Every structure is written in C-alpha cells, then in structure tokens.
Amino acid sequence: MELSLVKRRYYRVKHAQTLEEIARTFSLPPRLLAAENALSEEPFEGQLLWIPERRGDLYTVQGGESKALLCGSEKAFEEKNKTALFYIGQTILL
C-alpha cells in the first residue's frame with residue numbers, strides 16, 4: 001500500500017488584502033476559504049490562513065443550472081463548496 005503525504009499550505013494575509021483576492025490567488029471559491037478558516041468577516045493583516053487543496057475545477061454558475069446538474073447531487077455540492085447557497089455568478093468547485 002502506498003502512502004502519500006498531504007501538505008497543508010498556509011498563507012499570511014498582507015495589508016489590505018480581501019478574502020476574495022486571496023481566494024482568487026489560490027483558485028478557490030471565497031466561501032470555501034472562509035469556511036475552512038472559520039471566518040465571519042474579512043481576514044486581518046498578519047492572519048495565518050489555511051489554504052485547502054483544491055478538489056475540482058472552478059466554475060461560475062450560469063442561469064438554468066442546479067447543484068445536482070453541476071456536482072451530481074445537492075449533498076455533493078454542499079460538501080465540496082461548504083455552503084448551501086447557490087446563485088447565478090457564484091464561483092464554485094465542480
């Protein structure tokens with residue numbers, strides 16, 4: 001049996017950076033980054049954030065799509081994206 005190590009990545013927030021900017025830098029949905037770091041507001045300068053490994057492709061929700069259509073089921077969508085919210089223009093992981 002082969003074992004593989006999962007390397008956790010951390011990032012220290014720079015002056016005036018927003019959650020959205022940081023998420024974009026690491027190709028993650030902002031809601032996922034916020035959920036993984038238990039953020040309820042913008043991160044502060046010097047804060048250390050855990051950057052989870054991206055598991056899926058980034059996608060912007062279009063009209064007429066559903067959680068099940070994009071991720072196979074509502075449950076799969078919510079587990080992967082750490083939110084039940086779903087709206088046009090939202091950046092998600094597929």
Using a Debye calculation, one point per C-alpha and no hydration shell, please list log10 I(q)/I(0) for the stretch 7-54 at q = 0.22, 0.25, 0.33 Å⁻¹ in order. -0.68, -0.90, -1.60
What whole-number value in cubic angstrom gives the convex hull volume per residue for the C-alpha atoms of the chain? 114
Each label point is 7 Å from the Cα along the Cα-to-Cβ direction; what then is the distance between the points at R54 and H15, in nm? 2.9
Using +1 at the C-beta of Lys and Arg and -1 at the C-beta of Asp and Glu, which of W50, S40, T18 has the Cα lying farthest in the positive direction of the dipole of the chain? W50
How big is the stretch 55-94 by the Kirkwood estimate over distinct Cα pairs, in Å? 9.8
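Rule-based calculations on the coordinates, nothing more; no lab input. Owing to the predicted nature of the structure, the values given are computational and were not obtained by experimental measurement. Cβ: placed from backbone, ideal geometry, glycine included. Neighbour counts: every protein chain shown.
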